[in-house]
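So the structure is just underneath, and the comments pick up after that.
The values are calculated or read from the model by the stated rules, or taken from the named source; none is laboratory data. In this text the structure is predicted, and so the values were computed from the model without any measurement. Every residue, glycine as well, gets a Cβ built from its backbone with ideal geometry; the counts of neighbours run over all protein chains shown.
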Amino acid sequence: MNFNSAEYLVFLPVVLLLHGLLAGRERGRHWLLLAASYLFYMSWDWQYASLIAFSTFVDYGLGRAMAASEDGRRRRALLVASLTTNLGLLAVFKYFNFFADSAESALTWVGLDVEVPHHRLLLPVGISFYTFQTLSYTIDLYRRQIEVERSLTRFALFVSFFPQLVAGPIVRASEFLPQLSSPRTVRAEQVRRGVARIFRGLLKKVLIADLLAATLVDPAFANLESAASLDLVLGLYAYAFQIYADFSGYSDIAIGTALCLGYELPENFNRPYLSRNVREFWTRWHISLSSWLRDYLYIPLGGNRGSQRRTSFNLMTTMVLGGLWHGAAANFLLWGAYHGLLLMFSRGADRRAGEHAAPARSVFLERAICFHLVLGGWLLFRVQSMGQLGDWIRGVSEMRPGMDARPVAVLLLAIAAALHFTPRGLVDRAQERFSDGFPTPVQGAVYAALVLLLCGATLDTSAFIYFQF
Amino acid sequence: MLARYAVILWTLGLLAAGEFALELRASARGFRTLLFGAPVLAAPASDGEFGPSSRFPFRSRIAPRERRDGVTRIWIASASYAEHVRMPVESIWPVLLQDELKARGLAVEVLNASQAGWEMHRSVRTLRELGEAWAPDLVLVYQMSNDLDRIASALVGRAVDPEADLDAIPEPPAPPSDLDPTEVARQTTAYELMRSKFGPLVGDLRPQCDGREPGINAAAAARIEARFRGVIACGRELGATPMLVSFATAYPDPEQPLPPEFAAGLKRANSLLSSEGWRRWVRLGDECMRGVAEAEGVPVLEVAEVIDGRAEHFVDQYHFTAEGHRLVATQLADELEPRLRARAEAGR
């Protein structure tokens, strides 16, 4: 059940109305949301539910046991059990075949023709997201940064809350469990703002991400061997804005949906292409993942507290694992390593800048450089093999003449870029002015018209890019 | 409590009210709608005379399932060009063909197994499902544009599934549940309207194939030929004689400008080929069809000869007006008459 589907158009109002009917009965509301979340998740494949339920029971039980113990060794053993179980599931479902393939290739390379067994299990939707979510719970509990959750219902709801279940934002236990423990009031103004946010996300997804994909990105990347150089370059620029609109659109819908239910989810994007360096980019792009990696991986590895070499190692390890989190493929691994390198250079440049007088570079230039460095990463992210990467580079360097892209599609790309660079406050204020200031029937009419517009503009109901992770 | 969700209720209420109003209008104009059902224009002239019905799944004059001696059964494997639900059933060419041949003293029954959107694959599946029970003597294949659309989406669009085996006969999809929201949404008039208004605009944003790329054309030709071969083989498996019918369009010349409403209609169906490209592919399809017909020893009935390029007989690029249907029926009758008489003389 995609957010941009007819199913969700029915599902959400029904859940909201039932949620409203249960006002004042928090337990009832939790049960309702839990049932709705499992229903939502099972709409992809009912079998996936057993996996998320297993993960929930394991971490709930380990959390209770950890809270009941003061013995440091026992607590550590329980944490290791949680890490092993969750990362083990992730390894089996997401990475097993990748490592089996890699092992097979390595063995073939040394002259051994060995067939490494593979599995045919489907990758459960959103497994990377909810695994990181449950891990944040057991790790924070181990660090004694949060209280144990004694209600299985609330814990299960934290793990499976449908608005952000399959593609984030990754919500930490410390952010969400306290919200579940206090009664939520849903006001009309909250619902209006939530609906406005949902439509903002839908517009990003359907009118920007999907259209850029259909008009510039997919034609260029489907035709790497013969596409004109300009089409290949345009396709890459368009992909930068497609992936942003797609993923931030999803986050907008998730945040808006949660708001309609009385919950607050963390912001996940803050106009990332305005970053002046790659370090800043990672505080603006997929914020919930980058902060998770920082707090649960980079800092525990030692962060920047050790030598320069150690810090570089920590950065590279974090980013490579962050790349692998997106998918079990060489291009994601390379993408992570590429960003690891960029961060290492960025740190080095900052250190040198501290020793010498800073060069007088314009903000614009810094942003342009940073954007193009990130763009290089998106090329690694978009291609499906190293062969495709080579085709793209060859296609651009051969300076193939012509351009198949329609001028209107290029205009769409320009609009997407302009919207991204529009001050956030301006868009937020306009959205608030609309949701708070306009009469409800007018808002309803505008949303009804938008639903129709989105139906017309939808080429096919395409899934969000981050569902695959 | 409801006041809290007023904005959602208003949105849904206005959508429902809008859909109701659009359906009323569409129904009055003769379209099938979700709430009001079958179009008025498509209703049979008199009860029980025409299918489709539960016992006669064809849009033509009802005939008994049991074969009658001396009667030749003609199966029409086609799509919207022969189903044409917006045209009164007694005015579509399969029905007129039967009337014309009867008027010429030939005993025939036409089984119009055509539905909007069907490709040759779908025609083959229907032949396999129903052919044995209805035992046709001749199978007339009048197909082209839907196959081109599908082939274009694979070869030009490529985004879908470049490895898909397009030449395999697809399994019938599971029947959608009445409660499937996507299915219901797709049947709403608002959805149809928006798709038809915005679809061409969105399609215009894509780079389009002009039908000049030899590699793609060769791949398309191979697929078109495979499809014609498939339907011929299926007809023969049933013991019927397959015959191919040349495909006619309003503006066949790729260099000729297309009226805007015709161009928009084409774009709605196929946003990957330019209007020039689409017409080049129709020519390509015609060449493929003739090549297959020659190789397989199958006759080509020349409909295009009499109506191709006569735009006044088309409501869009490939659907006929009432007069167009009449011309097609007459031409087919002219083409079939000597063959049917020869069959009768041969005692078949």
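In table form, for the structure just shown:
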| item | result |
| --- | --- |
| Subset tally (residues that are assigned to a helix (DSSP H, G or I), within 24 Å of the chain's Cα centre (by Cα), within 11 Å of another protein chain (Cβ to nearest Cβ) and over 17 Å from residue A:186 (Cα atoms)) for segment A:4-49 | 5 |
| Unique residue being assigned to a loop (DSSP other than H, G, I, E, B), surrounded by 13 or more Cβ atoms within 10 Å (Cβ to Cβ) and touching a residue at least 60 places away in the same chain (Cβ under 8 Å) when the list is A:417, A:405 | A:405 |
| Qualifying residue in segment A:348-363 (condition: charged (D, E, K, R), outside the structural domain of residue A:83 (by TED's automatic domain parsing), over 18 Å from the mean Cα position of the chain (by Cα) and under 27 Å from residue A:424 (Cβ atoms)) | yes |
| Flag for residue A:248 being modelled with pLDDT under 90, within 25 Å of residue B:202 (Cα to Cα) and not aromatic (Phe, Trp, Tyr) | no |
| Residues being under 20 Å from the mean Cα position of the chain (by Cα) and within 12 Å of chain B (Cβ to nearest Cβ) - total across segment A:218-242 | 1 |
| Test: residue in segment A:138-147 that is surrounded by 23 or more Cβ atoms within 10 Å (Cβ to Cβ), outside the structural domain of residue A:297 (by TED's automatic domain parsing) and either closer than 18 Å to residue A:56 by Cα or in contact with a Ser or Thr (Cβ under 9 Å, 6 or more places away or on another chain) (or both) | yes |
| Wholly within segment B:236-348, helices (runs of 4 or more DSSP H) carrying at least 3 residues that are surrounded by 14 or more Cβ atoms within 10 Å (Cβ to Cβ), modelled with pLDDT of 95 or more and in contact with a helix residue (DSSP H, G or I) (Cβ under 6 Å, 6 or more places away or on another chain) | B:275-296, B:322-346 |
